[in-house]
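This is the structure I want to talk about, given as structure tokens.
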Amino acid sequence: MKILIISRGIPSKKDTMWGNFELDQAKALKSNGHNVVTMSIDRRIRFYWRKIGITQSTIEEIKMYNYFFPLPYRFLPRRIHNHIIDFFAKRLYKTITQLEGDFDIIHGHYLENIRIATTLKKFSSAAVVGTEHWSELKRKKLKRKVRKDAEQTYPYINQLITVSLPLKRIIEEQFHVSSIFVGCVIDNVFEFVPKQNDGIFRFIAVGSLLHIKGFDFLIKAFIKADFGSDVQLHIIGDGPLKQKLQYLISVNGKNEQIFLEGKKSRKEIMNFFSMSSVYVLSSRSENFATASMEALSAGLPVIMTKCGGPEDFVNETNAILVSVDNIDEMSSAMHFIHNNIGNYNPRSISKDIKDKYSAKAIATQLECIYNKVISK
């Protein structure tokens with residue numbers, strides 16, 4: 001089967017998370033014997049050099065085509081913005097099909113790229129599938145542009161996929177479009193290994209340092225727990241709140257127990273997991289929460305906020321759920337799991353998650369969906 005994945009972009013050292021879900025899926029499908037190509041339209045304004053126009057690169061045998069043209073997209077009217085993006089997309093698609101031939105499936109990720117897929121559908125006989133990850137859809141009041149794009153996109157694809165059950169329910173309620181739940185691929189780098197015991201009990205968290213990730217609340221809960229010096233909290237990630245969070249740590253005298261580790265590669269994150277005891281998700285809102293699943297895949301039990309999605313995929317054998325922004329609940333959960341860590345079976349935690357979200361498992365689910373829409 002020939003599959004074109006429309007991605008946010010291409011992961012790089014400067015943007016390790018940009019398009020990583022899509023690349024994982026492309027690799028999973030390729031490993032199942034499919035011919036997979038990705039395309040992306042990069043309109044972002046960033047302070048580093050990128051070649052304007054069409055470029056092609058290859059990552060782990062996946063051909064990746066990108067069209068870069070910076071746009072002040074936050075200020076452009078919706079119709080003008082979409083018209084420009086569609087122009088770029090059609091030019092890029094024409095180039096790709098001239099080089100790669102036609103496709104059986106066009107699969108867009110996130111609303112913007114699902115919308116592009118519906119545009120390309122007019123020039124192709126391929127079936128169109130979309131996977132929605134976007135937490136923006138969980139806002140109580142949707143932006144007008146988001147609502148309009150969704151209304152003019154979701155009903156016109158062959159199959160919509162969502163990465164969380166709450167997101168599935170929201171789209172059905174808001175737009176009367178049914179979808180199928182399929183999770184994200186968990187990278188094989190996240191494997192169970194026996195913990196490297198050095199006498200330190202480590203809580204670990206991963207994510208961009210943004211308000212929505214709740215690291216301020218997590219740090220306050222850890223401080224309230226008042227652990228001894230043999231208990232630490234490590235937060236992996238970077239972002240605009242770094243200085244504010246570091247000040248919170250310093251002013252409370254916790255520089256020797258709470259560490260902001262900065263950005264890390266997946267292999268580096270796995271190394272942290274191997275030295276840690278518990279993963280903590282403190283988000284105020286999430287969909288699939290991939291980093292939590294990666295931690296579970298490495299055998300770590302998790303403490304997780306009831307933030308709208310991840311709680312559907314855990315149970316009492318691998319997780320403790322707490323309310324969003326509830327410092328007392330988070331602090332108590334950290335104490336409980338610290339005192340009862342021996343009740344959790346890391347090997348079983350890892351196996352359960354990998355059975356559901358391995359590359360093979362996700363690729364098989366997608367194949368069933370593709371075969372169904374092609375046969376209609």
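Counting only DSSP beta bridges with both residues in the chain, what percent are antiparallel, rounded to the nearest 5? Please list the in-between numbers first.
Details: 8 of 54 bridges.
Roughly 15 percent of the beta bridges in the chain run antiparallel, per DSSP.
Sort out for me the Cα centre separation of the stretch 326-376 from the stretch 144-212, rounded to whole Å.
Answer, in whole Å: 12.
Sticking with this one: Which of the lysines could be linked to residue 351 by a straight reach, that is with a Cα gap under 18 Å, when you skip same-chain ones fewer than 8 residues away?
195, 360
Another one. Each residue of the stretch 97-105 in turn: what ³J(HN,Hα) in whole Hz from Karplus with 6.51, -1.76, 1.60 and θ = phi - 60°, glycine and Pro shown as x?
Values per residue, Gly and Pro as x: 5, 5, 8, 10, x, 7, 10, 7, 10 Hz.
Would you tally the net charge around residue 362, using a Cβ to Cβ cut-off of less than 13 Å, leaving residue 362 out, and scoring K and R as +1, D and E as -1? Before the final figure, lay out each step's value.
Details: positive: 27, 30, 354, 356, 360; negative: 22, 24, 187, 355, 367.
Residues close to residue 362 contribute a combined charge of 0.
Which one, 80, 37, 249, is farthest towards the positive end of the dipole of the chain when Lys and Arg carry +1 and Asp and Glu -1 on their Cβ?
It is 80, whose Cα lies furthest towards the positive end.
Tell me which residues come under 5 Å, amide H to amide H, from residue 281 once H is placed; ignore anything under 5 positions away on its chain.
303, 304, 305
Still on this structure, please answer the following. Please state, rounded to one decimal and in Å, the Kirkwood hydrodynamic radius that the stretch 298-369 gives when every pair of distinct Cα atoms enters the mean of 1/r.
Over the stretch 298-369, the inverse of the mean reciprocal pair distance is 13.7 Å.
Which net charge results for the neighbourhood of residue 193, defined as the other residues with beta-carbon distances under 15 angstrom from its beta-carbon, given Lys and Arg at +1 and Asp and Glu at -1? Don't skip to the answer; put the middle values down first.
Values: positive: 195, 202, 266, 267, 347, 351, 354; negative: 187, 191, 198, 268, 294.
Counting the neighbours of residue 193, the net charge comes to +2.
In the Gaussian network model of the chain, springs joining C-alpha atoms below 10 Å, which of 140, 306, 263 carries the largest mean-square fluctuation?
In the Gaussian network model the winner is 140.
A further question follows. Which residue, 58, 162, 38, has the most motion in a Gaussian network model of the chain that connects Cα atoms within less than 10 Å?
Of 58, 162, 38, the most mobile in the Gaussian network model is 58.
Related question: Would you mind checking which residues have amide H under 5 Å from residue 5's amide H? H placed 1.01 Å from N; only 5 or more apart, or other chain.
Residues meeting the amide H criterion: 37, 38, 39, 107.
Order 328, 102, most accessible first, counting only protein heavy atoms with a 1.4 angstrom probe. Present the calculation step by step, with values, prior to reporting the outcome.
On the way: 328 90, 102 115 Å².
So, going from the largest accessible area down, we get 102, 328.
Charges at C-beta only: +1 for Lys and Arg, -1 for Asp and Glu. How large is the resulting dipole of the chain about its Cα centre, in Debye rounded to 20? If you can, show how the numbers build up before the last one.
On the way: 53 positive and 38 negative charges, 356 e Å.
Rounded to the nearest 20 debye, it is 1700 debye.
Would you calculate a helix-derived [θ] at 222 nm for the chain, using -39,500 (n - 2.57) for each DSSP H run of n ≥ 4 and dividing by the full residue count, to the nearest 500?
-12000 deg cm²/dmol
The values are calculated or read from the model by the stated rules, or taken from the named source; none is laboratory data. Since we're looking at a predicted model, the values are computed, not measured. Cβ atoms come from the backbone with ideal geometry, glycine included; neighbour counts cover every protein chain shown. We work out accessible area using only protein heavy atoms, side chains counted, and drop any ligands, DNA or RNA first. Shrake-Rupley method; radii C 1.70, N 1.55, O 1.52, S 1.80 Å.
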